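The values are calculated or read from the model by the stated rules, or taken from the named source; none is laboratory data. Note that this is a predicted model, so its numbers are computed, not measured. Neighbour counts run over all protein chains shown; Cβ positions are idealised from the backbone, glycine included. The protein model used for the area step is the full one, side chains on, heavy atoms only, and it has no ligands, DNA or RNA in it. Shrake-Rupley method; radii C 1.70, N 1.55, O 1.52, S 1.80 Å.
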Amino acid sequence: MEIFSKTSQMPETQPPQPQTTSDQSRCVLVCQHQSCLRNGSQETLKAFEDADIPNVKVEASGCLGQCNIGPTVRVIPDETWYYRVQPEDVQAIASQHLQGGKPVQEKLNPRIHPQFNF
């Protein structure tokens with residue numbers, strides 16, 4: 001029987017992530033599952049594709065598990081999650097976050113990015 005000491009390491013496991021090529025620093029995933037589609041995610045996806053943001057790959061995704069607050073957009077590797085994203089929100093996300101590095105606070109998913117105001 002092998003006993004792990006404090007110096008031995010367990011193998012690390014990470015959830016699978018979509019592949020990005022070396023010249024792409026970010027990937028934008030736009031949910032295209034049932035409830036997000038009903039709330040306009042197809043148009044949101046098209047708006048991201050039309051924005052043609054340098055060094056950003058845009059992909060349709062399956063369910064991201066945030067069904068009642070969609071359309072959901074996930075930015076990786078940042079792990080920034082946006083909710084209720086409509087086509088008119090895309091320009092702010094593209095310029096402020098994807099090009100400027102500052103997430104759009106009012107569109108951050110409150111389940112994943114809780115904000116407390118005291």
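Can you run down the residue pairs with Cβ atoms below 7 Å, 6 or more apart or on separate chains, where the first is in segment 36-64 and in contact (Cβ under 8 Å) with a residue 12 or more places away in the chain and the partner is hydroxyl-bearing (Ser, Thr, Tyr) and part of a loop (DSSP other than H, G, I, E, B)?
Close Cβ pairs satisfying both conditions: Cys36/Thr72; Asn55/Ser25; Lys57/Thr20; Leu64/Thr72.
Output the number of the condition that Thr20 fails; it satisfies all remaining conditions of (1) modelled with pLDDT under 50; (2) more than 24 Å from Val104 (Cα to Cα).
(2)
Could you list all residues from segment 99-118 that are open to solvent by 80 Å² or more (accessible area, probe 1.4 Å) and either in contact (Cβ under 8 Å) with a residue 24 or more places away in the chain or closer than 18 Å to Cys27 by Cβ (or both)?
Result: Gln99, Arg111.
With the requirement that a residue be modelled with pLDDT under 95 and within 12 Å of the chain's Cα centre (by Cα), what does segment 25-65 give you?
Arg26 - this is the single residue of segment 25-65 that is modelled with pLDDT under 95 and within 12 Å of the chain's Cα centre (by Cα).
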